[in-house]
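The values are calculated or read from the model by the stated rules, or taken from the named source; none is laboratory data. Computed from a predicted structure; not experimentally measured. Here the Cβ positions follow ideal geometry from the backbone for every residue, glycine too, while neighbour counts run over all protein chains shown.
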Amino acid sequence: MTTKLDAFVKTQLKGNIPEIKPGDTVQIHQKIKEGDKERIQVFEGQVIAKKHGQGLSSMITVRKVISGIGTERIFPIHSPIIDKIEVVKRGKTRRAKLYYLRRVKGRKARLKAEQTVGKE
């Protein structure tokens with residue numbers, strides 16, 4: 001039995017979302033409205049957290065360092081403002097939340113590349 005709420009939520013979910021895990025480097029193409037014009041702005045950084053599963057309320061926290069200053073943004077994955085999400089690089093991690101990256105610099109802030117099986 002499907003309720004009206006479940007039916008509405010299903011219409012709001014996006015189907016073109018790649019599998020995103022903490023440690024991945026992603027490019028998020030976001031629609032920005034300036035006056036009567038609309039443009040796409042790209043935010044590229046590492047995913048340090050993923051929250052609320054696969055549903056409509058799922059979010060990712062993306063971190064990048066700009067001129068030595070760490071910048072974090074939280075993106076609702078299924079928001080209509082998000083145009084598309086691309087996974088640039090996969091990172092190998094042993095944690096679900098990578099908050100330790102906030103306090104480390106340089107070499108310690110690097111993540112190893114994830115091994116892809118079958119692709120050479």
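Quick notes
- Complete set of residues in region 50-91 that are over 30 Å from Ala7 (Cβ atoms) and in contact with a helix residue (DSSP H, G or I) (Cβ under 7 Å, 6 or more places away or on another chain): Arg63, Gly70
- Scanning region 55-72 turns up no residue that is of a type in the set (S, T, N, Q), at pLDDT 90 or above, touching a Ser or Thr at 6+ places or on another chain (Cβ under 9 Å) and surrounded by 10 or more Cβ atoms within 10 Å (Cβ to Cβ).
- The residues of region 1-44 that are more than 17 Å from the chain's Cα centre (by Cα) and surrounded by 14 or more Cβ atoms within 10 Å (Cβ to Cβ) amount to a single one, Val9.
- When His52 is tested against (1) over 30 Å from Phe8 (Cβ atoms); (2) surrounded by 12 or more Cβ atoms within 10 Å (Cβ to Cβ), exactly one condition is not met: (1).
- Every residue from region 61-81 that is aliphatic (A, V, I, L, M) and either within 25 Å of Gly106 (Cβ to Cβ) or without any contact (Cβ under 8 Å) to a residue 60 or more places away in the chain (or both): Val62, Val65, Ile66, Ile69, Ile74, Ile81
- Among the residues making up region 18-43, those that are among the aliphatic types (A, V, I, L, M), touching a residue at least 40 places away in the same chain (Cβ under 8 Å) and within 20 Å of Glu72 (Cβ to Cβ) are Ile20, Val26, Ile28.
- Hits in region 85-99 - residues which are touching a residue at least 12 places away in the same chain (Cβ under 8 Å) and either in contact with a Ser or Thr (Cβ under 6 Å, 6 or more places away or on another chain) or part of a loop (DSSP other than H, G, I, E, B) (or both): Val88, Lys89, Arg90, Thr93, Arg95, Ala96, Lys97, Leu98
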